[in-house]
Amino acid sequence: MKNLRPELIALLKKGSCTPRLSKLAAKTHSKATTIHYNIKQLESQGVIKTYKAVFDYKKVDAGFCTFVLVNLDKKEYKSPEDIGSMLAEYPEIESIDIITGEWEMLLKVRTKDISQYYEFSKKVLSLRGIERTQSLNSLFQIKTEFVKMQ
């Protein structure tokens, strides 16, 4: 049988999951058609953006998690969204937030290990518009995407 694991993981990370209507109906004591209608409404209103799997990242070769604080070059500060859009193209970056305080952006980066993070940081964090960064490595994850990991 063909091993689809890498392809499936990539698709599930991007949002190729669908809700199980029968389970939701049972938990809410409603009809599946009512659940389907409500979900379609939430999707059309843009409330639900996508459905994706929550992984045990160590088991999908993305167990090294780093939070990266980013300071932007003063010339780029007026458009942090542009820098964020550029960074969003890198698959290692799980999330990008524009923040307040001493730093302008917060990135959540997932790589296989520290060596892969080092290669990522050399090519990405030296891009135009990024003045300096500070990396904070996650030692152990207790909860992600509203799911307890233990």
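The values are calculated or read from the model by the stated rules, or taken from the named source; none is laboratory data. Just so you know, these numbers come straight off a predicted model, no measurement behind them. Every residue, glycine as well, gets a Cβ built from its backbone with ideal geometry; the counts of neighbours run over all protein chains shown.
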When every residue in the stretch 52-63 that is of a type in the set (D, E, K, R) and surrounded by 14 or more Cβ atoms within 10 Å (Cβ to Cβ) is compared, the one nearest to R110 (Cα to Cα) is D61
Checking N137 against (1) touching a Cys at 6+ places or on another chain (Cβ under 9 Å); (2) within 29 Å of T18 (Cα to Cα), which single condition isn't satisfied?
(2)
Take the residues in the stretch 87-134 that are under 26 Å from K75 (Cβ atoms) and polar (S, T, N, Q), then tell me which one is surrounded by the fewest Cβ atoms within 10 Å (Cβ to Cβ).
T100
For a quick check of your reading: which strands (runs of 3 or more DSSP E) sit entirely within the stretch 1-114 and have at least 3 residues that are in contact with an Asp or Glu (Cβ under 8 Å, 6 or more places away or on another chain), in the same structural domain as S135 (by TED's automatic domain parsing) and modelled with pLDDT of 90 or more?
64-72, 105-111
Could you give me the residue pairs with C-beta distances under 7 Å whose first residue belongs to the stretch 104-117 and is under 8 Å from F64 (Cβ atoms), whose second residue is modelled with pLDDT of 95 or more and part of a helix (DSSP H, G or I) wherever it lies, and which are 6+ apart or on separate chains?
T111/Y117; T111/F120
For the stretch 10-51, which positions are of a type in the set (S, T, N, Q) and surrounded by 12 or more Cβ atoms within 10 Å (Cβ to Cβ)?
S16, S30, T34, N38
For the condition within 15 Å of the chain's Cα centre (by Cα) and at positive phi, what is the one hit in G15, G63, G46?
G15
